[in-house]
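Working notes for the structure below.
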Amino acid sequence: MSKILATSKEFNDYIENGVSVIDFFATWCGPCKMLAPVFDEASSEMSEAKFAKVDIDQNLEIATEFNVTTVPTMIIFKDGKKVDSMVGFMPKEKIIEKVKQYL
Amino acid sequence: MIVGENMRYDIAIIGSGPAGLSAAINAKIRNKNIILFGNDNLSNKIVKAPSIDNYLGFSEISGEELKDKFKKHLEDMEISITNKKINNVYSMGDYFAIMSGDEMFESTTLIIATGVEYLKPLKGEEEYLGKGVGYCATCDAPLYRGKKVAIIGYNEESEEEANFLSEIASKTYFIPMYKKGLTRSEHLDEKIEVISDRPIEIKGENLANKVLFRDSEIDIDGVFVIKDSASAKALVPGIETDGPHIVVDLNMQTSIKGCFAAGDCVGKPYSYIKSAGQGQIAAINAVSYLDKLRLQNR
């Protein structure tokens, strides 16, 4: 299971350095549930990037700050800056391919 | 053989037109455990064809007659059709999760043969997808609490989505795109404002913020577009497409491993016999993919 970032501070500290991939999800969203194991697998295959999650119901302000209007949305950060995003479910290979562009 | 929701099929085929049926027959001949999703009429397109002149072996056959011959072929081979609408397919890595409402089916490979029924997207619809434009109001509604939203509805079911949103949003506009919707439905919540004008564009900056009509516009924070047949992109998230078509190679392999596509959904010409041929190619390659997997796992 990927780590869930519970507070804004935890989130900011997490994305500050290196490449990180954040899955903005909700517990009630079907596609989010399907993405969870795929996201975990991508995470275990990529040691060069960090993978974590934000529950939008717990941290709506982070979701709003980064213009998340659909769940799931995965946002790629590099050294604290948003560099790309993927909206909706994605197969593992596509996630890895996209993240690799920023390593 | 185990029957039920807990089994994993070798090949799941979506669509009961010539491509899907031909895929099913060829997979069955090779003894694969298959599930075929479609409807009892097989294909509305075929049934409506008055006369088909280029299907090898049958000169001047009507669509209805060709359908009956297809049905007979299925019966002879003991292939049944599972009459369920598939909403989404997720590529989970070593299998596909096929969702129909609350039900889930699993298969190792997938053949998409859904045909083309292309509703041209509105200007701005695809550009702002995920940036204020969504296809599932019930999914994303909590993100629009206290905000202004519009539903562009192509079917009656979209009224339900509008009602659901109006409980959460501060203002809900309903824009019907189907005939019946033009007279305000009594099911629609009183708070919803119906706009009976054709939208021409969804506009915005970073996020969508306007729906434009010929002579007017409305300010919104989100737009939901509710249609019957989802595009291939919405059906199988992550799949590579070119306009309305799924991108495939000569083996009918799509951009997702284990996933094949055949028939009208992969491109022109839109022809029955071409579709049947491609269905066969897709099935044969799905079978060889399964065989390779079995060798790997040995």
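Here segment A:60-69 is the region considered, the condition is being part of a helix (DSSP H, G or I) and of a type outside the set (Asp, Glu), and the residue that is farthest from the other protein chains (Cβ to nearest Cβ) is A:62. For segment B:214-245, give me each residue that is in contact (Cβ under 8 Å) with a residue 12 or more places away in the chain, surrounded by fewer than 19 Cβ atoms within 10 Å (Cβ to Cβ), within 14 Å of chain A (Cβ to nearest Cβ) and outside any helix (DSSP H, G or I). Selection gives B:230, B:240. Which of the residues belonging to segment A:36-59 are touching a helix residue (DSSP H, G or I) at 6+ places or on another chain (Cβ under 8 Å), closer than 18 Å to residue A:6 by Cβ and within 12 Å of chain B (Cβ to nearest Cβ)? Listed by number, the residues that qualify are A:39, A:56, A:57. When residue A:67 is tested against (1) buried (at least 16 other Cβ atoms within 10 Å of the Cβ); (2) at pLDDT below 95, only condition (1) is not met. Remark: pairs (first residue in segment B:118-133, at positive phi and of a type outside the set (A, V, I, L, M); second residue modelled with pLDDT of 85 or more and not in a loop (DSSP other than H, G, I, E, B); Cβ separation under 6 Å; 6+ apart in sequence or on different chains) = B:124/B:201; B:124/B:202; B:124/B:203; B:130/A:87; B:132/B:208; B:132/B:222.
Could you check, for segment B:142-153, whether at least one of its residues is outside any loop (DSSP other than H, G, I, E, B), touching a helix residue (DSSP H, G or I) at 6+ places or on another chain (Cβ under 6 Å) and within 14 Å of another protein chain (Cβ to nearest Cβ)? Yes, because at least one residue in segment B:142-153 is outside any loop (DSSP other than H, G, I, E, B), touching a helix residue (DSSP H, G or I) at 6+ places or on another chain (Cβ under 6 Å) and within 14 Å of another protein chain (Cβ to nearest Cβ).
Do the conditions hold for residue B:104, that is, is it touching a residue at least 24 places away in the same chain (Cβ under 8 Å) and at the interface with chain A (Cβ under 10 Å from one of its Cβ atoms)? Judged against the criteria, residue B:104 is a match. Counting only residues that are at pLDDT 95 or above, among the hydroxyl-bearing types (Ser, Thr, Tyr) and surrounded by 19 or more Cβ atoms within 10 Å (Cβ to Cβ), segment B:23-82 holds 0 of them.
The values are calculated or read from the model by the stated rules, or taken from the named source; none is laboratory data. Predicted model, so just to flag it, every value in this text is computed and none were measured. Virtual Cβ from ideal backbone geometry, glycine too; neighbours counted across all protein chains shown.
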